[in-house]
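Asker: Dropping the structure in here first, questions after.
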Amino acid sequence: MDQIILFAVLLGAPAAGAAVSLLPRDGIELVASVAAAATTVAVSTLVLLLGTSGVFGYFYADGLTRIMVVTISAVFLTSVGYSAFYIKRIKEPFMRFRWYYSLVDLFTFTMLLAVTVNDFGFVWIAIEATTVTSALLVALERERTSIEAAWRYTLIVSAGLVASLLSVILLYYSQGSLAISQLLEKSPSSDLLMALAVGFALVGYGTKAGIAPMHAWLPDAHSEAPSPVSAMFSGILLPTSIYALVRTFELLRGSAVFSQMQALLIGFGVFTALLAAVIMSSQRNYKRMLAYSSMENMGVILVGFALGGIGAIGAVIQVMSHAFGKSSAFYEAGNILVAYDSKSMAEVQGVAKRLRLSGYLFTLSCLCVTGAPPFGVFVGEFMILAQAMSVGNTTLVILLAVAYMYAFIGLNRQSIRMIYGESSAAGQDGGRPAPQPENWASVAIPLANLTVSLVIGMYMLPAVLHAASGFGL
Amino acid sequence: MNATLLAELSGLFGILVILSALYMQGQSFVDPTIRAISFQSFAISALFVVLYFQSGDIDLVYLAVITSVVRGILIPRVMLFQVRNFKHSLRETGTGQRIPSLIIVGIIFVIGGYAIFRSVLLPASIDPLASVPFALLLLSFLLIFTRRNALMQMTGFLEEENAVLYAGALIAPSIPLLVEFAVVLDVLGVVLVGVILSASRDVFLTLEPPELKELSG
């Protein structure tokens, strides 16, 4: 009974925050959203520490759920905090800021619902609702590109998610139930229908998770949304969709079609990682480049979950550390955008001379999300690679290693050029741009996120060493 | 009611749904396309009533009422309102010459969809009419991917949802609660689309926004 209250508070806090944000009192929206986010962080940490698992009324929790709620809550809190600094610069916002905060709260509510509810139907409803609550956030800056990106996001994602509704219908038709806890315990009764359900889930939830070739909305929405929203999209929305896909795929364990569908998911994951790694290196817009990096990470995470074993553990670690690392990168990108008023890498050079701390943190964030040791993403990617080696899939090992290297070189080469390159703009001291004072919150928030990613990596490093010793390394 | 009559009615509504989808493929005017999706939603609602008489599940009647009100009346009205705001967008530009090919491709999709469904996906396990939503799904993708006008794309999306509603009611009639939620979410979705299209009107002055080079690559 007590544990149901935890879930009720976890979901109730952002819902209440959304309602209170709309009250006509100046400044209440920020206070309400920060209070809601702090509450969700406190409760989700409690869920994690208590090791809550099992069925609690309409809710279901296991290890994956606990990690997801903590990650979603933490990125929610930092994004709300960063919004206080960032959105003030928007001259003609698409909506009043109280609506912005209210939608951010509702967006978080829908993601938390998706990862806690014990019913595949409601998981689908919650993920569909994330589109409704977040589409207007993409258009906040009211520019031609942001409105077009919001439209593309709404249409492509909604059209894709209809396929996952079909997946849910097939699941119900073949198994006679949609309760996650029940379905996880029993063997699937109809292999062909279940394979079709997973196939449609891959198309539907894969569209929302940015899995290629259904990813067309992702670079547009991530690059055009305000930075705190980009951070939420990349750090927690994409993994929430992966969660729904993985839950559906898990049901196949023990069935005759498991290995075929596993190969299908691995194929799509590797293709996504390779495609994104290649496209990333030719980007001219730094937020778009970060978007492709998210896509690459989602591809790798999908491979990890499909492989299972320590690959799945690696995927969970990568979900968490990527969320913190990438949100940090998007916040820094926001600082750069505020200072330079441009997303073009050609126009943004020598950042470290003008925004010293933001420049350094952006470089570190890029290193973090491309798997530089000892950040958590490195640990996750290594464990996924180790699982591919342990099952003897040499082709997969080679393809993953190529994707890792290509992404690492592509993103860091571009970011280092941008941060440490020669500035074309002359500063006040004749030729060199003068360093600008930086808002403490705009630096402290990404620094905190980056630190969490580092701590995850350091904490899990023994696991990497253990896995490495298994291969004589 | 007589079982043969119900089966014939079910077939009749299935054919009307497919004909309305082919009619939409052949349109370059936005206005009649929206009216066709409204008609298609009513046809699917009628099919739900027929299925109620076959199965006795009262939820199908609720679903029929919600579908006809939301997808037959409310959403088309909001879309027609948008058409009035964009008088110069009444006809999609550049589609005229492609219409005959689109109709032929649409017919191939219907026949191919039936063949694939019956031979590969669910061979002889359920009602042959279950292939209608599958064909409708293919036709909706064709509509979404071949059109540039935002309202035409929206019509394609509604058709895709109609296909899934149809499939849900046919193969898993005891799952209408989920499908009802899907329809209710559409109300929120259409408000959202209305807001984005209004902003699009202010910024682009058209419903066929140009290719933006900032959003390429």
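The values are calculated or read from the model by the stated rules, or taken from the named source; none is laboratory data. Computed from a predicted model, the values in this text were never measured in an experiment. Positions of Cβ are backbone-derived with ideal geometry, glycine not excepted, and every protein chain shown enters the neighbour counts. With ligands, DNA and RNA removed, areas are computed over all heavy atoms of the protein, side chains included. Shrake-Rupley method; radii C 1.70, N 1.55, O 1.52, S 1.80 Å.
Asker: B:D31: in contact (Cβ under 8 Å) with a residue 12 or more places away in the chain, charged (D, E, K, R) and assigned to a helix (DSSP H, G or I), yes or no?
Answerer: Considered against the rule, which asks whether it is in contact (Cβ under 8 Å) with a residue 12 or more places away in the chain, charged (D, E, K, R) and assigned to a helix (DSSP H, G or I), B:D31 comes out as yes.
Asker: OK, next. With at pLDDT 95 or above and among the aliphatic types (A, V, I, L, M) as the only criterion, which of A:L140, A:L106 stands out? Steps first, please.
Answerer: Values: A:L140 fails: at pLDDT 95 or above.
Going through A:L140, A:L106 in turn, just one is at pLDDT 95 or above and among the aliphatic types (A, V, I, L, M): A:L106.
Asker: Identify all residues within segment A:1-20 that are in a helix (DSSP H, G or I) and closer than 15 Å to A:A61 by Cβ; write none if there are none.
Answerer: Residues satisfying the conditions are A:D2, A:Q3, A:I4, A:I5, A:L6, A:F7, A:A8, A:V9, A:L10, A:L11.
Asker: Quick check: anything in segment A:350-364 over 30 Å from A:G308 (Cβ atoms) and not in a helix (DSSP H, G or I)?
Answerer: Within segment A:350-364 (the criterion being over 30 Å from A:G308 (Cβ atoms) and not in a helix (DSSP H, G or I)), the answer is yes, since at least one residue qualifies.
Asker: Out of B:I126, B:I196, B:I116, report the one residue that is at pLDDT below 85, open to solvent by 10 Å² or more (accessible area, probe 1.4 Å) and facing another protein chain (nearest Cβ under 10 Å).
Answerer: The match here is B:I126.
Asker: Pick from segment B:130-176 the residues that are among the β-branched types (V, I, T) and facing chain A (nearest Cβ under 7 Å): which of them is surrounded by the most Cβ atoms within 10 Å (Cβ to Cβ)?
Answerer: Across segment B:130-176, the extreme among qualifying residues is B:V164.
Asker: Next up: Out of curiosity, is A:V316 open to solvent by 20 Å² or more (accessible area, probe 1.4 Å) and part of a helix (DSSP H, G or I)?
Answerer: yes
Asker: So which of A:L184, A:L171, A:L202 ends up being outside the structural domain of A:G334 (by TED's automatic domain parsing), within 20 Å of A:T131 (Cβ to Cβ) and out of contact with any Pro (no Cβ under 9 Å at 6 or more places or on another chain)?
Answerer: Going through A:L184, A:L171, A:L202 in turn, just one is outside the structural domain of A:G334 (by TED's automatic domain parsing), within 20 Å of A:T131 (Cβ to Cβ) and out of contact with any Pro (no Cβ under 9 Å at 6 or more places or on another chain): A:L202.
Asker: Then there is this: Checking A:A163 against (1) buried (at least 20 other Cβ atoms within 10 Å of the Cβ); (2) more than 11 Å from chain B (Cβ to nearest Cβ), only one condition comes out false. Which one?
Answerer: It fails just one condition, (2).
Asker: Also, I was wondering about something else. Which members of segment A:148-160 meet the condition of being facing chain B (nearest Cβ under 7 Å) and under 21 Å from B:R201 (Cβ atoms)? Step through it out loud before you land on a result.
Answerer: Initial filter on segment A:148-160 (facing chain B (nearest Cβ under 7 Å)): A:148-151, A:154-155, A:158-159.
Scanning segment A:148-160 gives A:E148, A:A149, A:A150, A:W151, A:T154, A:L155, A:S158.
Asker: Which of the following residues is touching a helix residue (DSSP H, G or I) at 6+ places or on another chain (Cβ under 6 Å) and at negative phi: A:L238, A:L192?
Answerer: A:L238
Asker: Take segment A:338-353 and flag every residue that is open to solvent by 10 Å² or more (accessible area, probe 1.4 Å) and within 18 Å of A:Y86 (Cβ to Cβ).
Answerer: A:V338, A:A339, A:Y340, A:D341, A:S342, A:K343
Asker: Mind counting the residues in segment A:246-281 that are open to solvent by less than 30 Å² (accessible area, probe 1.4 Å) and without any contact (Cβ under 8 Å) to a residue 60 or more places away in the chain?
Answerer: Of the residues in segment A:246-281, 2 are open to solvent by less than 30 Å² (accessible area, probe 1.4 Å) and without any contact (Cβ under 8 Å) to a residue 60 or more places away in the chain.
Asker: As an exercise: evaluate A:G254 against (1) over 23 Å from B:E160 (Cα atoms); (2) in contact with a helix residue (DSSP H, G or I) (Cβ under 9 Å, 6 or more places away or on another chain) and give the number of the one condition it does not meet.
Answerer: So the condition that A:G254 fails would be (2).
Asker: Would you mention how many residues in segment A:108-140 are over 15 Å from B:V195 (Cβ atoms) and within 13 Å of chain B (Cβ to nearest Cβ)?
Answerer: Looking only at that region, the number is 15.
Asker: Counting only residues that are within 8 Å of chain B (Cβ to nearest Cβ) and touching a Gly at 6+ places or on another chain (Cβ under 7 Å), which one in segment A:166-196 is modelled with the lowest pLDDT?
Answerer: A:I169
Asker: Which condition number does A:N118 fail, the rest of (1) touching a strand residue (DSSP E or B) at 6+ places or on another chain (Cβ under 6 Å); (2) modelled with pLDDT under 95 being met?
Answerer: For A:N118, the failing item is (2).
Asker: Looking only at segment A:294-310, decide whether some residue is of a type in the set (V, I, T), open to solvent by 10 Å² or more (accessible area, probe 1.4 Å) and not assigned by TED's automatic domain parsing to the domain that holds A:Y205.
Answerer: Yes, that holds for at least one residue.
Asker: Still on this structure: On the given criteria, is B:L51 open to solvent by 40 Å² or more (accessible area, probe 1.4 Å), part of a helix (DSSP H, G or I) and more than 12 Å from B:L151 (Cβ to Cβ)?
Answerer: For B:L51, the condition - open to solvent by 40 Å² or more (accessible area, probe 1.4 Å), part of a helix (DSSP H, G or I) and more than 12 Å from B:L151 (Cβ to Cβ) - is not met.
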